[in-house]
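This report concerns only the one structure given below.
Quick note: the coordinates plus some simple rules give every number you see, no bench work behind them. Just so you know, these numbers come straight off a predicted model, no measurement behind them. Positions of Cβ are backbone-derived with ideal geometry, glycine not excepted, and every protein chain shown enters the neighbour counts.
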Amino acid sequence: MIKRRSLLLGGAVAATGAASATGAGVLLLSAPPSSAAAAVGIDPGSIAKYVLKMPVLPDLRPHGASITTDYYRMTMEEAYREVIPGFQTKVNTYNGHFPGPVINAWSGRRVVITQTNRLGVPTSVHLHGAHVPSSSDGGPMDLIAPGGGTKTYTYPNKQAHANLWFHDHAHHLESETVFRGLTGTYLLRDEVEARLGLPSGQYDIPLSVRDARFDDSGQFLFQMDDFFNRQVVLTNGKAWPYFEVAARKYRFRIFNTANLRSFQFALADNSPFTLIGTDGGLLAAPYTTQSVLLSPGERADIVIDFSRYPVGTELELRNIIPQAPGTPPDVSQVLQFRVTRTERDHSVVPAKLRTLPALPPATVERSFSLLMDESSPEPAWAYINGKEYDPDRVDTTIAYDTTEIWTVTNANKIAPHNFHIHLVQFRVLERNGVAVTEGAESGLKDTVFLRAGETVKLQATFTGYRGVYLYHCHLFDHASMGMMAQMEVV
Ligand code: C2O
Ligand code: CU
């Protein structure tokens, strides 16, 4: 196959020198890259914490509507934004927003978005977690030309409520364009969710969390597979911001939009919060926990009750995932809540949230093995079932309306991966042979985390649309290295 990566990223790859090929995010065993490499750019310890105010992501309004459809326009363009205090960083935006704006969709009501690409590289807009026709799925080769090209995407929204997001998917380019800002939020709501009385309006806040690396002039510094050096944690486009809250319940819909980094979110006082949902919407019932783990692409929907804190309390949201030796402590800090006032709270978290769809009997079983070169110097390659992504090859053919069980294994010794399937929301039946019965993996999922050596068993029903769709590791740098494949529903 043609190695487009060497064509498109040749310079960037050559420049990374001997950077680590592991992209390891968790329980990582590899040493950090050479100290010379690590020293380049702004030291995260020098960035003042909790001085920038966390913005609430802006809603995008439709420019038109019919009985069935809302029409939106978005333009991808560069802008300068204050991401770390005192610097203006050049970022990629949707409509000037870093990260992109929020689309508010309603189940059963169509959304049509015309995207214009004013960046210097081709792009493709994928709505992650959505059940959409292949022609609007934002495939890696279905590109919008740079310098003003347009494409109109149609999203039927024939699925239940879910916390979706959109991002670039242009093959070999997405890891960099996403790093520079091409992500946005798409909240699909429905009656089931709306009836519950959960915290809403200004108490229902999406948090888009990721990491980044900056050079000495405060500009993004992108290198492939640069996990260790991306040590600045951004929430809603700001490094380590603060957010003022009332002493009441809030709903936070957390999106991990990082390229490689997994986060395990916990409150600094270790107090419990309530997990109410995951990638594909609400869990059957609320689940009380002290932390939630999100690999890139995954979402958690949580409710934090600040009424237990006196006004004046400052409370950190932390990242407690184990870090490699040499990792600065800053990576373990995320965001600071400040309880500034009391307020009445009529919201509730009911004991039953939804009925998950029944699992139909599966008739087909398949296995997938995820592997990347761990020891070779750059460029590293990455494979599913021994093959790199080839846009001209269909790897898996699925009969329409079939329910299948997929066993997915991370065959690496060090590198974590995850597994994302387009088109469907799946269920995680087992992790390492143990049945999943509660918690974050008991709901509908479209992305599932796999530490080195782990195996999960997934069940999905492929229906609604025929056509070619992707499945891949959602650590974008790994997908760019080839850990991506195609299925065709026929
Ligand atoms: Cu969010 Cu194919 O990805
Ligand atoms: Cu991976």
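Once fully extended, how much extra length lies between THR114 and LYS387, figured as 0.36 nm per residue of separation less the alpha-carbon to alpha-carbon distance?
94.9 nm
Between GLU314 and TRP106, what length in nm is gained on full extension when 0.36 nm per residue of separation is reduced by their alpha carbon distance? Before the final figure, lay out the partial values.
On the way: separation 208, 0.36 × 208 = 74.88 nm, distance 3.55 nm.
Taking 0.36 nm per residue and subtracting the Cα distance, the gain is 71.3 nm.
Using Cβ counts within 10 Å as a stand-in for footprinting exposure, how do ILE67, ILE144, ILE276 rank, fewest first?
Ascending number of Cβ neighbours within 10 Å: ILE67, ILE144, ILE276.
Give me the distance in nm between label points sitting 7 Å out from Cα along the Cα-to-Cβ direction at ALA79 and ALA351, one decimal.
Inter-label distance under the simple model: 4.7 nm.
How much net charge surrounds ASN117 when only other residues with a Cβ under 10 Å from its Cβ are counted (Lys, Arg +1; Asp, Glu -1)?
Result for the local shell: 0.
Taking R0 as 41 Å, what's the FRET efficiency between ALA284 and LYS53 from their Cβ-Cβ distance, rounded to 0.05?
0.70
Listed here are the pairs LYS90/LYS445; LYS90/LYS387; LYS387/LYS413; LYS352/LYS457; which of them are more than 24 Å apart at the Cα?
Flagged as over cut-off: LYS90/LYS445; LYS90/LYS387; LYS352/LYS457.
I need the trypsin sites (Lys or Arg not before Pro) found in region 287-357, filtered to DSSP loop residues with at most 13 other beta carbons within 10 Å of theirs.
In loop regions of region 287-357 (DSSP not H, G, I, E or B), the sparsely surrounded trypsin sites (Lys or Arg not before Pro) are ARG344, LYS352.
Using a Förster distance of 45 Å, how high is the FRET efficiency between ALA399 and ARG344, based on the Cβ-Cβ distance and rounded to 0.05?
Efficiency, rounded to the nearest 0.05: 0.25.
Below 13 angstrom from the Cβ of VAL468, what's the summed charge of the other residues (Lys, Arg +1; Asp, Glu -1)?
-4
Cα centroids of region 232-291 and region 421-490: how far apart, whole angstrom?
22
Pull up the DSSP beta bridges for the chain and report the antiparallel fraction as a percent, rounded to 5.
Close to 70 percent.
For ALA194 and ASN270, compute 0.36 nm times the residue count separating them, minus their Cα-Cα distance, and round to one decimal in nm.
Details: separation 76, 0.36 × 76 = 27.36 nm, distance 2.98 nm.
Gain on stretching ALA194 to ASN270: 24.4 nm.
Give the lysines whose C-alpha is closer than 18 Å to that of LYS53, dropping any in the same chain fewer than 8 places away, or say none.
LYS238
Find out how many positive minus negative residues lie around ASP70, taking Lys and Arg as positive, Asp and Glu as negative, among other residues whose Cβ is under 11 Å from that of ASP70.
My count for the surroundings of ASP70 gives +3.
What residues of region 97-122 lie in the reach of a label at THR463, counting those whose backbone N is under 20 Å from a point 7 Å from the Cα along Cα→Cβ?
107-109
For the residue pair SER367 and GLU488, what label-to-label distance in nm results when each label sits 7 Å from Cα along the Cα-to-beta-carbon direction?
Reported label-point gap for SER367 and GLU488 is 2.6 nm.
Report, in debye and to the nearest 20, how large the dipole of the chain comes out about its Cα centre when Lys and Arg carry +1 and Asp and Glu carry -1 on their Cβ. Walk me through the intermediate numbers first.
On the way: 44 positive and 48 negative charges, 196 e Å.
In debye, rounded to 20, the chain gives about 940.
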